[in-house]
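Encoded as structure tokens, the structure appears first; notes follow it.
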Amino acid sequence: MTLQKGDKAPDFELPSTKTETFKLSENLNGKGILLAFYPFDWSPVCTNELGYFNANYKEFKAVDISLAAISVDSPFSHSAWSDSQKLKFPLLSDFNKEVVAAYGVLLPEFHGLKNFAKRSVFLVDSEGIIQYVWVADNPGVEPEYTELLDAAAEL
């Protein structure tokens, strides 16, 4: 079951493109965080979505929200894709699919592809409580970005 607003965000530690590892609890530091789960590196919709977050990075930082994006791709793919897109935030590799399962956003099958992250967004406050959730069963659907930025500003 997908986690909901008001739930405690499960802590996790994953390989990251920006540091050796990323642990959620160590990255709250009195700030909120936007966790963007996405299906795959290099795909057109994911490129558009993470491109939005990259282009609006300063707006999120201005309201004390950091960003991290998570998919089941390998750290090697993440590193190459992050470099090619010049991303300002870390990509986290959930290669073993433990975090996508913990957050309830594992997509079991879509057009023959199996077991990858649903496109989803969780805004977590500085206490580790989920304050906003958006999840799409269709990986081709993107979040409502204006609504998301507004929710981040309210956090």
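Summary of computed values
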quantity	calculated
Peptides 11-20, 71-80, 54-63 ordered by average Cβ neighbours within 10 Å, highest first	71-80, 11-20, 54-63
Option label - log10 I(q)/I(0) by the Debye sum over Cα atoms at q = 0.10 Å⁻¹ computed here, alternatives [x] -0.42; [y] -0.47; [z] -0.29	[z]
Relative contact order of the chain, defined on C-alpha pairs under 8 angstrom at six or more residues apart (%)	31
Over 20 Å (Cα to Cα) - which of Lys18/Lys88; Lys31/Lys61; Lys61/Lys118; Lys23/Lys86; Lys58/Lys97 fall in this group	Lys61/Lys118; Lys23/Lys86; Lys58/Lys97
222 nm mean residue ellipticity, helices alone, for the chain (DSSP H n ≥ 4; -39,500 (n - 2.57); rounded to 500)	-8000 deg cm²/dmol
Enclosed volume per residue, in Å³, of the convex hull spanned by Cα atoms of the stretch 100-155	66
Distance from the stretch 88-114 to the stretch 126-151 (C-alpha centre basis), Å	16
10 Å binning of all Cα-Cα separations within the stretch 42-115, expressed as whole percents from 0 upward	17, 46, 32, 4, 0
Sorted peptide list for 21-27, 106-112, criterion being average Cβ within 10 angstrom, highest first	21-27, 106-112
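Where a number appears in this text, it was derived from the coordinates with a stated rule and is not lab data. All values derive from a computational prediction rather than experimental measurement. In this analysis, Cβ positions are derived from the backbone assuming ideal geometry, glycine residues included, and neighbour counts consider all displayed protein chains.
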